[in-house]
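This report concerns only the one structure given below.
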Amino acid sequence: MNLTSPRRSGPNDDDATAPVELPHVLVTVAADGTLTATVDGAPFPSPDATPWTRATFGPLMDAITKDHTIAVRVEVRESDGSVFTDILRTRRPRRAVVSSEAPVPETRQSRHARRVPRLAEVTAGGFVPGEDVAVATIVSRTDATGTGEARSLIDLDDLPDGTHEMILLGRISGTLAVRRLT
């Protein structure tokens, strides 16, 4: 049994510099998927005057946290009444990279980083909206859209030589589509 009192934080502890209140971001989702955002009660409009949407949630959070040096509390209120909350930590500012006068030797990794992928699209319908769709020669996976269509971009350099056909397989519906790469 420990009879000593717990350690109390004093004014010199690191926690003493933490803010008592975090900026509060409130995102309200309308039934049509548009978002309205406020930061500490002040409206946060889109910079190009188009409405924020579910698809622009990431850029919205990036725009809100851009000038903050501390974390922000995010509350998302869905149109069905459900509420989600999270704490978003800000990114630390990147240090300026000092360029050296000596050229950096090219590595295998740097050669691959500059490669531009050669893509092919494989599309088929008949899937259950939102279902997981396997893409075979299994090089990737995708989800079916709300209309039941699945779409996948394939980097042709990732395929074994001689591959001319791809398979899309719906994991729920069992829909199987074989598509020729052209």
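Filter the range 136-148 down to residues that are surrounded by fewer than 15 Cβ atoms within 10 Å (Cβ to Cβ) and more than 26 Å from V116 (Cβ to Cβ) and give me whichever is modelled with the highest pLDDT.
Selected residue: T147.
If I ask for residues that are buried (at least 16 other Cβ atoms within 10 Å of the Cβ) and more than 27 Å from the chain's Cα centre (by Cα), which ones from the range 168-182 would you list?
T175, A177, R179
Listed here are the residues, each with its yes/no results for (1) in the same structural domain as A55 (by TED's automatic domain parsing); (2) surrounded by 15 or more Cβ atoms within 10 Å (Cβ to Cβ); (3) out of contact with any His (no Cβ under 6 Å at 6 or more places or on another chain); (4) at pLDDT 75 or above.
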{"residue": "H112", "(1), (2), (3), (4)": "no, no, yes, no"}
{"residue": "V128", "(1), (2), (3), (4)": "no, yes, yes, yes"}
{"residue": "A134", "(1), (2), (3), (4)": "no, yes, yes, yes"}
{"residue": "S152", "(1), (2), (3), (4)": "no, yes, yes, yes"}
{"residue": "D157", "(1), (2), (3), (4)": "no, no, yes, yes"}
{"residue": "P160", "(1), (2), (3), (4)": "no, no, yes, no"}
{"residue": "H164", "(1), (2), (3), (4)": "no, no, yes, no"}
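Taking the range 24-35 only, how many residues are surrounded by 14 or more Cβ atoms within 10 Å (Cβ to Cβ) and either out of contact with any Lys or Arg (no Cβ under 9 Å at 6 or more places or on another chain) or not assigned by TED's automatic domain parsing to the domain that holds I70 (or both)?
The total comes to 0.
The values are calculated or read from the model by the stated rules, or taken from the named source; none is laboratory data. Since the model is a prediction, treat every value here as computed from it, not as a measurement. Note that we place each Cβ from the backbone using ideal geometry, even for glycine, and neighbour counts take in every protein chain shown.
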